[in-house]
Amino acid sequence: MTVFECCNDMFILDCGLAFPDMDMPGVDIVIPDFTYVEGNKDKIRGIVITHGHEDHIGGLAYLLKKINVPIYGTRMTLGLIEGKLEEHGLLKQAKLIEVEPRTTVRMGCMAVEFIKVNHSIPGAVGMAIHTPAGIIVHTGDFKVDFSPIDDEIIDLARFGELGSRGVLALMADSTNAERTGFTCSERTVGGSFEKLFKRAEGKRIIIATFSSNVHRVQQIIDQAKNYNRKVAVFGRSMVHVIEKATELGYLKVPKGIMIDIDEMNRYPDDQIVLVTTGSQGEPLSALTRMAMNSHKKVTITPNDFIIISAKPIPGNEKYVTRVVNELMKSGAEVIYESMYEVHVSGHACQEELKLIQALTKPKFFIPVHGEYKHLVKHAEIAKSMGMPSDHIIISKIGDVIETDGNSMRIVSQVPAGRVMVDGLGVGDVGSIVLRDRKHLSQDGLIIVVIGIERAANAVVAGPDIISRGFVYVRESEELMDEARNVMTTVLDNCNARDLKEWGTLKTKLRDVLSDFIYAKTKRSPMILPIIMEV
């Protein structure tokens, strides 16, 4: 999420989400901190969206609950946004405005021009932001594909025109900055599919890919038609995207080729292609459930030919490996990215990044979108093309970059960061809650329950000890009995004043039991003393 501000006008470019890391147990998604935007909502003229991937549109519904401004995007992008807003009950009040590439939208004293780019989803655009200080080019997520499936080639001519007019700053996608050469065309995957479909003769084909990669799904459908196979679709996001892409004309499906999941049993295996989610090994995805033999409608057999048409996102490798292992244990043949060209990236490699630099000839350069190491690598590429190092800005989340058209630098910071969403709670899970969850997950929980009669100021029940996730109580009765005796000793040594001061009593019980448990087991479970008034 990027905010552009000039005089009394602001607009937002993209508003996505991130998926939780391993150190965020129980968190569903992570969205940006909207504090600064909320504080300036009267200045905001609109939101422009580069494309319809979750990391660019996933936070919109949460932002629109706080500020309602127009959203500008291409047809496919808005189609996917509609689905998101409908889930949150916001669609009726949202102002969605469709734009075509090469059109310009006014944002107060600034104007945003949409420029066609190639990516792994249809309708992707970059932006030229025309400001009083100069033109800023933002590529969005992009690659250069001269033979795209939809025949709509990236508008390099427009990037060149802007470069000849003078570009103040270039903000470019850095995801593949470490990869040399060019990104392959999506059509190379089609050639691989053709060979693999031929090889899978007599078997059922299952293909896992990203739900948003409409061009990949189009090539699967084309090959299914060539080999007289029917296509069934699994996974909620996959079904939603395919329905929307077909409705908007981005996906061309021959009549009678798509079948419902429940109709699969009417056809022999060699007439079926299943297209499913789960290419990243997500625990609840359709492919993972098939691998773990917990899917209600699909059982993996040696007669299955499975293609994982995606590259593991960094951090997901072990999940994907686990799924591949389980599928192979069921006897299926599994094809994955490192073996064949069944996936190409949607992001530009080094030579394409250089091409955009050469066309736009920017005065300043801000690498965006990628891990910090990708931004640094992209900065090195810019330097290799003659960009002075003091004209390159690698910014952190929350940095304010200021320019007057002559100089550009980081001047301050605004409130920014990660807001965690857990169920219906937005932002109510913070570092302390996460710390407690990690503690519980690593060492378990012990609850000490005591009944105290207030009038007599005496212990009348307990101490009872309840354990969860610490030890199996039936096999550790001796330890539990000793712990109970330790707690009884503490209570016996308490004077009348301590029994009245419940806060002090709880602390004493917690400290003594914690020391005892650690001495016996070298573990530190969470200890919760509960005092009940009888």
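Here is a yes/no grid of residues against (1) of a type in the set (D, E, K, R); (2) in contact with an Asp or Glu (Cβ under 9 Å, 6 or more places away or on another chain):
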| residue | (1), (2) |
| --- | --- |
| Arg106 | yes, no |
| Leu162 | no, yes |
| Met171 | no, no |
| Thr175 | no, yes |
| Thr180 | no, yes |
| Phe197 | no, no |
| Glu201 | yes, yes |
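In summary, Tyr336 fulfils each of the numbered conditions (1) without any contact (Cβ under 8 Å) to a residue 40 or more places away in the chain; (2) surrounded by fewer than 21 Cβ atoms within 10 Å (Cβ to Cβ) with the single exception of condition (2). Here Glu326 meets the list (1) modelled with pLDDT of 90 or more; (2) under 22 Å from Glu201 (Cα atoms) almost entirely, failing just condition (2).
Report, by residue number, each residue of the stretch 161-210 that is of a type in the set (Asp, Glu), farther than 30 Å from Ala133 by Cβ and more than 23 Å from the chain's Cα centre (by Cα).
Glu194, Glu201
When you look at Gly59, is it touching a Lys or Arg at 6+ places or on another chain (Cβ under 9 Å) and either within 23 Å of Ala133 (Cα to Cα) or of a type in the set (Gly, Ala, Ser) (or both), yes or no? For Gly59, the condition - touching a Lys or Arg at 6+ places or on another chain (Cβ under 9 Å) and either within 23 Å of Ala133 (Cα to Cα) or of a type in the set (Gly, Ala, Ser) (or both) - is not met. Residues in the stretch 65-83 that are farther than 21 Å from Ile129 by Cα and surrounded by fewer than 22 Cβ atoms within 10 Å (Cβ to Cβ): Lys65, Lys66, Ile67, Asn68, Glu82, Gly83. Cβ-Cβ distances below 6 Å connect the following pairs, each with a first residue in the stretch 10-22 that is closer than 16 Å to Val48 by Cα, a second residue that is part of a strand (DSSP E or B) and of a type in the set (S, T, N, Q), and a separation of six or more residues or different chains: Leu13/Thr2. Across the stretch 126-138, which residue is surrounded by the most Cβ atoms within 10 Å (Cβ to Cβ) among those that are within 29 Å of His215 (Cα to Cα) and of a type outside the set (A, V, I, L, M)? Result: Gly126.
Residues being assigned to a loop (DSSP other than H, G, I, E, B) and out of contact with any Lys or Arg (no Cβ under 7 Å at 6 or more places or on another chain): count how many of those fall in the stretch 91-101.
Start the filter on the stretch 91-101 by keeping residues that are assigned to a loop (DSSP other than H, G, I, E, B), which leaves 91-95, 99-101.
Those still in the list that are out of contact with any Lys or Arg (no Cβ under 7 Å at 6 or more places or on another chain) too: 91-95, 99-100.
Of the residues in that region, 7 qualify.
Where strands (runs of 3 or more DSSP E) fall wholly inside the stretch 126-227, the ranges with 1 or more residues that are not assigned by TED's automatic domain parsing to the domain that holds Val112 are 204-208.
Residues in the stretch 349-386 that are at pLDDT below 95 and buried (at least 23 other Cβ atoms within 10 Å of the Cβ): His369 alone. Evaluating Ser237 against the criteria (1) more than 26 Å from His295 (Cβ to Cβ); (2) among the small types (Gly, Ala, Ser); (3) assigned to a helix (DSSP H, G or I) leaves one unmet condition, (1). Any residue in the stretch 370-388 that is farther than 15 Å from Lys354 by Cα sitting within a Cβ distance under 9 Å of a residue that is surrounded by 19 or more Cβ atoms within 10 Å (Cβ to Cβ) and of a type in the set (Val, Ile, Thr)? List the pairs, counting only those 6 or more apart or interchain. Close Cβ pairs satisfying both conditions: Gly370/Thr175; Glu371/Thr175. Please work out if Asp141 is in contact with a Ser or Thr (Cβ under 6 Å, 6 or more places away or on another chain) and buried (at least 22 other Cβ atoms within 10 Å of the Cβ). No; evaluated as a whole, the condition is false for this residue.
The helices (runs of 4 or more DSSP H) found wholly in the stretch 306-414 and carrying at least 3 residues that are charged (D, E, K, R) and closer than 28 Å to Gln219 by Cα occupy 317-329.
Counting the residues of the stretch 110-152 that are farther than 23 Å from Ala358 by Cβ, among the charged types (D, E, K, R) and in contact with a His (Cβ under 9 Å, 6 or more places away or on another chain) gives 1. Quick one: which residue in Lys95, Lys116 is closer than 24 Å to Pro148 by Cβ, touching a Pro at 6+ places or on another chain (Cβ under 6 Å) and in contact (Cβ under 8 Å) with a residue 24 or more places away in the chain? Just one listed residue meets the conditions, Lys116. How many residues are under 20 Å from Val217 (Cβ atoms) and surrounded by fewer than 23 Cβ atoms within 10 Å (Cβ to Cβ) when one looks only at the stretch 282-294? Here the count works out to 1.
For the stretch 398-420, the tally of residues that are free of Cβ contacts under 8 Å to residues at least 12 places away in the same chain and either of a type in the set (D, E, K, R) or not assigned by TED's automatic domain parsing to the domain that holds Ala18 (or both) stands at 1.
Selection within the stretch 314-333: residues that are closer than 20 Å to Ser211 by Cβ and in contact with a Phe, Trp or Tyr (Cβ under 9 Å, 6 or more places away or on another chain). The member of this set that is surrounded by the fewest Cβ atoms within 10 Å (Cβ to Cβ) is Val324. When the criteria are applied in full, Thr104 fails the requirement of being among the hydroxyl-bearing types (Ser, Thr, Tyr) and in contact with a Gly (Cβ under 9 Å, 6 or more places away or on another chain).
The residues on offer are Ser309, Ser294, and the sole one that is closer than 13 Å to Ile207 by Cβ, polar (S, T, N, Q), assigned by TED's automatic domain parsing to the domain that holds His215 and within 26 Å of the chain's Cα centre (by Cα) is Ser309. Those helices (runs of 4 or more DSSP H) of the stretch 2-90 in which 3 or more residues are more than 21 Å from Gly370 (Cβ to Cβ) and in the same structural domain as Ala128 (by TED's automatic domain parsing) occupy 35-39, 60-64, 75-87. Determine if the stretch 22-43 includes at least one residue that is surrounded by fewer than 16 Cβ atoms within 10 Å (Cβ to Cβ) and aliphatic (A, V, I, L, M). Yes: the stretch 22-43 contains one or more residues that are surrounded by fewer than 16 Cβ atoms within 10 Å (Cβ to Cβ) and aliphatic (A, V, I, L, M). Scanning the stretch 257-271 for residues that are in contact (Cβ under 8 Å) with a residue 12 or more places away in the chain and either buried (at least 22 other Cβ atoms within 10 Å of the Cβ) or not aliphatic (A, V, I, L, M) (or both) yields Asp260, Asp262, Glu263, Tyr267, Asp269, Asp270, Gln271.
The values are calculated or read from the model by the stated rules, or taken from the named source; none is laboratory data. Predicted model, so just to flag it, every value in this text is computed and none were measured. Cβ sites come from the backbone with ideal geometry, for glycine too, and all protein chains shown count toward neighbours.
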